[in-house]
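Here, each number is a calculation from the coordinates, and none is a lab measurement. This structure is a prediction, so every number in the text was calculated from the model and none was measured. For neighbour counting, all protein chains shown are included, and Cβ atoms are generated from backbone atoms with ideal geometry for every residue, glycine included.
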Amino acid sequence: MESYGGRIVQFEADNALARFDEPGSAVRGSIALNLAFDSANLITDEGLDVHVACGIDHGNCLAPTPHNLFGLAVNRASRLGEDLGDPGEILITEEALAQVPASCSIQTCPAEKGARDVRSAIHRVIYRPA
């Protein structure tokens, strides 16, 4: 994550929370993370494969300590990655996607997922060949 401008804030059970300066870096870091696990999974038994779902949002957060982060953006990103995302999926809110510059060349499609508590259109990042 650090090579994409991110910083791991905390691990809790099998969840990780990372903070990025801008959503484009979070998308690139999430793609790299998924592709790294895809590569590692090629040489492990299927039962040992690791698959992650990532959720990305953008907004103000409260960081009372280096290992705590609170706010609506944290809650929505967590909901996307932990509850709505399937293994290997990267989901991003409409608000975060609007902050990704066109120069990042990120491809997305509307996600067929919804949650009233997220209150945002959700997009799926396309990063694997069809």
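Are any residues in region 78-93 touching a residue at least 40 places away in the same chain (Cβ under 8 Å) and among the acidic types (D, E), and if so, which ones?
E82
So for region 111-124 (the condition being in a helix (DSSP H, G or I) and acidic (D, E)), does at least one residue qualify?
no
Only residues in region 41-57 that are within 23 Å of I8 (Cβ to Cβ) count as the first member; pair them with residues that are surrounded by 14 or more Cβ atoms within 10 Å (Cβ to Cβ) and among the basic types (K, R), Cβ under 8 angstrom, at least 6 apart or cross-chain, and list the lot.
Filtered contacts from region 41-57: G55/R76; G55/R79; D57/R76.
Answer yes or no as to whether A32 is surrounded by fewer than 17 Cβ atoms within 10 Å (Cβ to Cβ), free of Cβ contacts under 8 Å to residues at least 12 places away in the same chain and closer than 16 Å to V125 by Cβ.
Spelling it out, it is not the case that A32 is surrounded by fewer than 17 Cβ atoms within 10 Å (Cβ to Cβ), free of Cβ contacts under 8 Å to residues at least 12 places away in the same chain and closer than 16 Å to V125 by Cβ.
From the residues in region 74-95 that are charged (D, E, K, R) and in a helix (DSSP H, G or I), which one is surrounded by the most Cβ atoms within 10 Å (Cβ to Cβ)?
Among those residues, the one meeting the criterion is R76.
When region 7-46 is examined, which residues are found to be small (G, A, S), in a helix (DSSP H, G or I) and closer than 22 Å to D57 by Cβ?
G24, S25, A26, G29, S30, A32
Which residues, counting only those in region 47-58, are assigned to a loop (DSSP other than H, G, I, E, B) and either loosely packed, with under 11 Cβ neighbours inside 10 Å or out of contact with any Ser or Thr (no Cβ under 9 Å at 6 or more places or on another chain) (or both)?
D49, H51, A53 - these are the residues of region 47-58 that are assigned to a loop (DSSP other than H, G, I, E, B) and either loosely packed, with under 11 Cβ neighbours inside 10 Å or out of contact with any Ser or Thr (no Cβ under 9 Å at 6 or more places or on another chain) (or both).
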